[in-house]
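What follows is a single structure, written as C-alpha cells, with notes after it.
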Amino acid sequence: MKRIPATILLSVLCVSVCLFCAQSFAQMPSPAPELKKLDFLAGNWTDQADMKASPMGPGGKMTMTEKNEWMPGGFFLTLHSTFTGQMGSGSGIAFMGYDADAKQYTYDEFNSMGERSHSTGSLDGGTWTWIGDQKMGSQTMKGRFTMKVLSPTSYSFKYEMSPDGTTWNTVMDGKSTKDK
C-alpha cells in the first residue's frame, strides 16, 4: 500500500478550505428584514423640543433638523443633524442599524460637543424605546429615548435620565415632523 505524502494532503486540504471560503464570501449578505421598520425615518425632519433644566444644561427651546438616508447596501440609516438651543448650536451624525444576533436595534451617535452615545432599541406597536448610558461628569446615568409614531410623517418623543434605571426624570420632550 502506497502512502500519500503529507505535502500533497496539506495542499489538497488548503485548496478545499480556500474553495469553501470563496463560496461562503461569494454571496453578499443582505440586510435584516427588521431594518424595513426604520424606513419611515428616511427623509428630512424638523424637531421642536422643550428642554427641562437638568444636569445636561439649562431648560429652554431647542430646534433640530435631520437629513436621514440609507447607506449603500441598506444596513445602516445615517442621520445628519444640526441643532440650536440654550447651549448654542451644533451638529451630529448617527447610525441606526439592527443586530440580528442580539435581536435589537442599534443607535450610535457622535456630535460637535464631543459627546458620543450608544443605545439599543426595541419596537412595541408604534412605540420605539432606546436605552443607553450617558456620562455626566464622573457619574454614568441611564438614558431612555421614547418615540411614539403619530403618523407616517410625525412622532412625539421624550428623553429621560435615571441614576439607577428605575426612577426616570424627563429632561426633554417634543415633536418631530417630516418635511414635505
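The values are calculated or read from the model by the stated rules, or taken from the named source; none is laboratory data. As the structure is a prediction and not an experimental result, all values here were calculated from the model. Ideal geometry is used to build each Cβ from the backbone, glycine not excepted, and the neighbour counts take in all protein chains shown.
So here's what we get for this one:
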| read-out | value |
| --- | --- |
| Candidate set from segment 138-162 (those that are exposed (fewer than 13 other Cβ atoms within 10 Å of the Cβ) and touching a residue at least 24 places away in the same chain (Cβ under 8 Å)); member that is farthest from Tyr98 (Cα to Cα) | Gln139 |
| Single unsatisfied condition, Phe75 versus (1) under 19 Å from Ser91 (Cα atoms); (2) surrounded by 13 or more Cβ atoms within 10 Å (Cβ to Cβ) | (1) |
| Qualifying residue in segment 79-86 (condition: on the phi > 0 side of the Ramachandran plot and not β-branched (Val, Ile, Thr)) | no |
| Any chance Phe95 is within 30 Å of Met28 (Cβ to Cβ) and either of a type in the set (S, T, N, Q) or modelled with pLDDT of 95 or more (or both) | yes |
| Any chance Lys103 is loosely packed, with under 15 Cβ neighbours inside 10 Å and on the phi > 0 side of the Ramachandran plot | yes |
| Identity of the residue in segment 133-164, part of a loop (DSSP other than H, G, I, E, B) and within 20 Å of the chain's Cα centre (by Cα), that ends up nearest to Asp50 (Cα to Cα) | Thr153 |
| Of residues in segment 62-72 being touching a strand residue (DSSP E or B) at 6+ places or on another chain (Cβ under 8 Å) and within 30 Å of Ser30 (Cβ to Cβ), the one surrounded by the fewest Cβ atoms within 10 Å (Cβ to Cβ) | Met71 |
| Close pairs from segment 100-124: first within 17 Å of Lys135 (Cβ to Cβ), partner loosely packed, with under 13 Cβ neighbours inside 10 Å and basic (Lys, Arg), Cβ under 7 Å, at least 6 apart | Glu109/Arg116; Phe110/Arg116 |
| Criterion: within 13 Å of the chain's Cα centre (by Cα) and outside any strand (DSSP E or B) - qualifying residue of Phe110, Phe95, Phe75 | Phe75 |
| Every residue from segment 80-92 that is surrounded by 14 or more Cβ atoms within 10 Å (Cβ to Cβ) and part of a strand (DSSP E or B) | His80, Ser81, Thr82, Phe83, Gly85, Gly90, Ser91, Gly92 |
| Cβ pairs under 7 Å, 6+ apart, first in segment 72-87 and within 13 Å of Leu41 (Cβ to Cβ), second in a loop (DSSP other than H, G, I, E, B) and not acidic (Asp, Glu) | Leu77/Ala42; Thr78/Met71 |
| Matching residues in segment 113-135 - criterion: being at pLDDT below 95 and surrounded by 14 or more Cβ atoms within 10 Å (Cβ to Cβ) | Ser117, Gln134 |
| Top-ranked residue in segment 51-61 [being assigned to a strand (DSSP E or B) and modelled with pLDDT under 95; ranked as surrounded by the most Cβ atoms within 10 Å (Cβ to Cβ)] | Met51 |
